[in-house]
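Heads up: the structure comes next, in structure tokens.
Where a number appears in this text, it was derived from the coordinates with a stated rule and is not lab data. Quick caveat: nothing in here was measured; it's all calculated off a predicted structure.
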């Protein structure tokens, strides 16, 4: 049964995009002063470049405020949005979940 007024959710975003969880994890670990290309993001997240283009997850992370696009004369370049509440929540989730998993 489908909901008539279905709104997208953060969990749905992560679950339905193959690269989202890996990209968010990699973004949490990036140096906020570093500028990275899509290729470097793909490498950091261990995600094939083709997947990034097919899903356009990087652009969606910009829309969510996790990444910021940086003006560049060549290929697109991104940096971590240090003020991102979404990124802060992801980092906190990573920290808390890891503590609990290691503690078991």
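The table for this structure:
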| quantity | calculated |
| --- | --- |
| Residue-averaged [θ]222 nm for the chain, counting only DSSP H segments that reach four residues, each worth -39500 (n - 2.57) | -16000 deg cm²/dmol |
| Potential extension, residue 43-residue 94 segment - 0.36 nm per residue separation minus Cα distance | 16.4 nm |
| Relative contact order for the chain, counting Cα pairs under 8 Å that sit 6 or more residues apart, in percent | 26 |
| Computed over the chain, the ratio Rg/Rh where both radii use C-alpha atoms and Rh is Kirkwood | 1.01 |
